[in-house]
Every structure is written in structure tokens, then in C-alpha cells.
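Engineer: Below is the structure I would like to discuss, written out as C-alpha cells.
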Amino acid sequence: MIKRALPLILALSAWACDSGEDAPSQSVGVQAMRLALPKAEEMVIPMPSSNNLAPSQATFYAFTRGITLNVNGFVRDITHVIEDIIEQPPTETDEETYAVWGPHTDALSPATWRVRVERDEDGAYRYRVEGWPKAQTEAEALTVLSGHHTPGEAVAGGWTFDMTAAHQLDPIAHPAIGEVTMDHTQGQGARALEVTFDEVQGPHDPMINSSLYRYTEAADGAGTFDFISNLDIHEDDQPQLTRRELLQVRARWLASGPGRADIIATHGDLPQGIQADLIECWDSAFMRSYVSMSYAQHSQEDGDAAACPYADRQTPVFEGFDATRFADEGFVEALPEVVSFEGQPIQVEAPVAEPAEQYQFAVDVIEGLNEQVSGVLKTLKEIAANPPSTCTEAACVWGPWTDWDKGISFILIISRQQANEAHGFELKIKRFDAAIDDWDLLLSGGFLKTGEAEGQGFFILDYDVLDVFEPAEVGGRLRAEFMKADGVEAVQARYDDFRYPEMTTPTDLRYFLRTDGQAGALDVRYPADLEEDGVMESVETHIRWIIGQGAGVANVVITRADGEEILGVECWDATAAQTHQAFSLTGEPEIDAACVFADWEAPAFPAMGDE
């Protein structure tokens, strides 16, 4: 749902208020232009309401009324600005065919503004609001608002608000981008209003959003409101389903209040090709009188259908609207599930207060690997829980999605590979105020789903790109590969030129974690100054443990700067208590017979996909 936007131009509003106290009377021609332009009260949607609504009022009555209030607020804000400006005497006019207000520059505004109204030979009026940076000339002017209005018995008109242009001129007053178009007609007691929000994004809308609204009012005061919106219809009864469905709604009501809403829900968490049909009716007190839902082979209803003020089912039809734009089936489902590709931790029911060093090391490494891998996969899922911006048979695009606290925008692209059933994904990043095509590739990867919660995939995360937007955090590049099939799970990760604030020089790290239902193994390669003499040693560790018990063994290879190797071993029991430790400079160290693995295994790292 689009939230109510800020007023069009704060500087214009201040200008109107400051300039009118001693205004001389306006000419007949200017008065005609002023009276001919649209009025705010003509633009609003008068849905019946009460000040004493019960908490259990009809769901879609409340939903529809909430949307009408948002649309009304936006339209009223825009129209009031036009009304306020033309109340003042123009700075230039021929008294009949045109009038200009401005240029005007408010002391605190970064832009100069001008409003122009023109009368055509057929009696219609055209108007526009322009602005340009105060340090530049009108040659750099951008049209922020343009409209037309035909007065008379059959009134018609409309306007387009370029929010992106307003943002370019004054990003503080106008933080949102996109375009809003309004068209209206009125005659013989009836009227119609249509508002389109085209790729709008602002502080209240993290995900870019396009919405359509159409209102018609009959001469007897009955109304019809069509709109397209997004709502998570499973939120109350199935909270694990988090994606938002596409809703196409037609709400109708009598002037006295009773009404009916017909809703089609598609996409989101609904199965491919399946739609849910809902009907809800309410009485003059806006309490639900009837509700029904049909979904695939299931249906249910409550209340008396005869209580509905309208017996026929009607659904909205928007010319040019294509619901397949949101058809993300097969794309979101192709993403790896977060919990399916988290490494299994070493399971020790009651570890001792001071566990074996390598046991604790393995616990920390697995936790860190899971955080890295699941964090990336979770981010993809969170963005894809929103409706996509557009879809084709080959790809879906989500976003831009913006973190408004940081002023950073993201765009997610999931594409279908032609050669197989795999899917690729890319996550791009830019500053919100950067050029629309100024994207940097933050994350890329792919996934092949082979079964329920099974498959294999990879991703590459560029910390150097992220560091530009999140300074002083980390740098380098991470490649992660993960798989799960036939009871075997594996995660492999390689950090190239990795660094964080505490590190003096970049380093390379390597991890390989795998489990098969009976045993787990973790291989790690990392540099460390073990002797604290400023000289880094290379450490490789091969850790194994028994699944469900936790007892394990760690085989360690330490390579000094001069090439000398030290081999070590540490064992622990089912409480993680150390039971054996030994080191050797001449070969494999002695392994105690009580260790759960009595053989020596050196660390091994399988080749990754780019090696």
C-alpha cells in the first residue's frame, strides 16, 4: 500500500502564505483561471464512515477505507498547492490567456519555482509547476507537476506529479521518487477518479511500488472503488508463509453505507496458477454480514449471502494491467532455503566448563559459517518475499529496495538458466541518490534444486563493494559453496584478501564442513601468530566428531615461516572435555586408544568451482 506522501512543494506553500496579505483584487480573466482549476473537494473519495466503528468491523471495508484515506491525502495535498498558489496575484499575465506566478526562491529552498496557467481557445486550461536549482538559470528547469482541466457541465482533467524531478531539486523536502498520475471526470451528478502510482519509492516504502486506483460515484451517492494492492493473506493463520499476495479488489457501497468487496488473490505463497476468490459484505454499521472464500478445491462461508447489498460478483479490470508481471512462480521457489544449508553443530548435551580447545574452535567456526551463509540466503528470501517489480519467462526483478536508515538501495535479479534447471541470482547495490543505472554487483550466485530442501549452489560476496557503503567493516571476497543430498551436507567457503579493522594485512582463509548423519568433519586453513613474535604461521586443522554424541578428534598441521611442520592432535569425550593432546616434529603424533578416531587424517580442501 502506498503511504501518504509529503505535500508537493513546501517552498510553494510558504510562498503562497507569505505573499497574500495585502494582495490587490485580481482581474476577471485571472479569477476565471483560478476558478476553473480543480478543487480538492472534487478530488477525494467519499467512502461512508462512522466515528464509532467497532473493533470487529469488516476486514476489507477497513482495508479499502484505509487505502482511500491514503489516496485522498495525497491528491488533496497536490490540489491544495495549486489552489494556494493561484489565490495570490500573478507576477505576469495578459489578463485572459495566461498567468505566471514566480519565479520565487524561498530562503531555505535549494530551488527556484514557477507556476504557469494557460487558457486554450476551446476554454480548457493547462498548468505546470517548474523548478530549477537556485544557483542556475531557468534553462535548467524541470517540470515537477503538469496538468489540464476542462470546466463546464462535463468536467475533465488530470495531472502528473514527477516525484523524481522534485527529488532532484529538493531531496530533503521530497525524499521519494517515481511518478503519480491523476485523471478525473464529473458530470450529471456522477464522477470518476483514477490515480496511478508508477514505481514510487520513499521512506515509508522500502520496496519500489506501482499501484492503480479507480473510483466511480453514481448520481445517488453509491460508489465503486477498484484497486490493486499487496497483502500477506496468510499472516494470521499461517505466519510461516511470509510472501505478499497480489490482490485485485472491487469494493462497492451504497450511499447509506452497506457494501461488498470482491477480491482475487494470486501469486505470493499461493501455488502456481491458483487464485483465491474472496467475498465480504458489510452492513450500515460496517460490520461483516457475509464472507466466503474459495481456493482450489476448498471453500467456506459464513453469514447470509442475501444480506449483501449487491448479489452479483464483479472484479476490477484495469486496461493495460498485466498480472503476469508479478508471476514469480518457479523463481522464488528456486532459491535455497536458509535452514536447509546450515551446517550441523557439534552436539554435546552438557559440555564442561573448560572444553577442549579444538572443540570450542570448531563450534565457533561452524556458527560463523552458518551466520555468513544463512545471512546471505536470508537476505535474498526477505527481498523476494515482496512482490517483484517485473517478471518475464527468463527472469524476475525485485526492487529497488531501500534501507532508508543508510540511504542504500538494492536490486535482486533471479534468472533461469537455459542449459539446465538451475537458477542464477544477483544482488546489486547503489546509493539511493546515485544515477538509476549506477549499480555495483555486491552478490552473485546460483542454485540447482534437486529435491525438497536438497540441492547445490554457490555465491560470491564482494566485501570491497560493501565497504564503499559500509566503511571500516570488512574487505575482500567470499566464495561459498553448499550442497545437501542423500543425507550428506557440505559447506565450503574461501575468503580471498579478507580483512577487518583489527587486521594489519589481508589474509586468505579456507573452510570445508561436511556431515553424513553419522560423523561430521571440519577442515580449516588460516594464518596465526601462535608464538606472538610477529611471525605468522600457517595452520590447517582437520576436526572430526560423532553425530549425536559430540566426542571428537582434531588433527593439526602448523607450518612455520621456514617451512618446518609441527603435527598435533587433541581428543575430547562426549562432554567436550579434553582426553588427549600431543605434538610431534618428526611425524604423526601419538593418538591415544581412547580417542574416537584412532587414525591420522590430514586436512584436505576439495577444489571449488572457480579453481
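Read-outs: derived from the displayed coordinates by stated rules, not from any lab. No experiment lies behind these values; they were computed from the predicted model shown. Cβ placement follows ideal geometry from the backbone for every residue including glycine, while neighbour counts extend to all protein chains displayed.
Engineer: Could you give the size of the charge dipole of the chain about its Cα centre, using +1 on the Cβ of each K and R and -1 on the Cβ of each D and E, expressed in debye and rounded to the nearest 20?
Structural biologist: In debye, rounded to 20, the chain gives about 2180.
Engineer: Further, regarding this structure: For the cross-link pairs K428/K484; K449/K484; K134/K430; K428/K449; K134/K406, which exceed 20 Å when the distance is taken from alpha carbon to alpha carbon?
Structural biologist: K428/K484; K134/K430; K428/K449; K134/K406
Engineer: Just from the alpha-carbon atoms, what are the Rg and Dmax of the chain in angstroms?
Structural biologist: 32.5, 107
Engineer: Give me the distance between the Cα centres of segment 561-611 and segment 168-244, rounded to whole Å.
Structural biologist: 63
Engineer: Also, quick follow-up: So for the pair I274, A311, with labels modelled 7 Å out along Cα→Cβ, what separation do we get in nm?
Structural biologist: Output for this residue pair reads 3.2 nm.
Engineer: Further, regarding this structure: Roughly what angle does helix 59-86 make with the longest principal axis of the chain, taking Cα atoms, 0 to 90 degrees, to the nearest 10?
Structural biologist: Taking Cα atoms only, the helix is inclined about 60 degrees.
Engineer: Select from segment 274-368 those trypsin sites (Lys or Arg not before Pro) which occupy a DSSP coil region and have at most 13 other Cβ atoms within 10 Å, ordered by residue number.
Structural biologist: Hits after loop and neighbour filter: R313.
Engineer: Cβ neighbours within 10 Å, averaged per peptide: list 344-352, 559-567, 124-132 in order, most packed at the top.
Structural biologist: Put in order of decreasing packing, that is 124-132, 344-352, 559-567.
Engineer: Starting from segment 359-454, pick out the GluC sites (Glu not before Pro) whose DSSP state is loop and whose Cβ has at most 10 other Cβ atoms within 10 Å.
Structural biologist: Those that pass, being in a loop and sparsely packed, are E393, E452.
Engineer: Under a plain spin-label model, where a point goes 7 Å from the Cα along Cα-to-Cβ, how far apart in nm are D237 and D486?
Structural biologist: With each label placed 7 Å out from Cα toward Cβ, I get 4.2 nm.
Engineer: Helix-only mean residue ellipticity at 222 nm, the chain, DSSP H runs n ≥ 4 weighted -39,500 (n - 2.57), per residue, nearest 500. What is it?
Structural biologist: Helix-only estimate at 222 nm: -5000 deg cm²/dmol.
Engineer: So, in nm, how far is label L441 from label E333 when the simple model puts each one 7 Å beyond its Cα toward the Cβ?
Structural biologist: 2.9
Engineer: Using the Cα atoms of segment 253-314, I'd like the radius of gyration and the largest Cα-Cα distance, Dmax, both in angstrom.
Structural biologist: In order Rg, Dmax, the Cα atoms of segment 253-314 give 12.9, 40 Å.
Engineer: Mark the label point 7 Å from the Cα of T143 along Cα→Cβ and return the residues of segment 151-186 whose backbone N is within less than 12 Å of it.
Structural biologist: Hits in segment 151-186 for T143 at 12 Å: 159-162.
Engineer: A further question on this structure: Could you work out, for segment 286-372, what percent of all Cα-Cα pairs fall into each 10 Å distance bin, beginning at 0 Å and stopping at the bin that holds the largest distance?
Structural biologist: Going out from 0 Å in 10 Å bins, segment 286-372 shows 11, 19, 17, 14, 14, 15, 9, 1 percent.
Engineer: By how many nm would the segment from Y500 to D322 grow when fully extended, if each residue of separation counts as 0.36 nm and the alpha-carbon distance is taken off?
Structural biologist: 59.4 nm
Engineer: I've got another one for you. Which order do L212, L448 fall in if you start with the one that has the fewest other Cβ atoms within 10 Å?
Structural biologist: By the 10 Å Cβ count, ascending, the order reads L448, L212.
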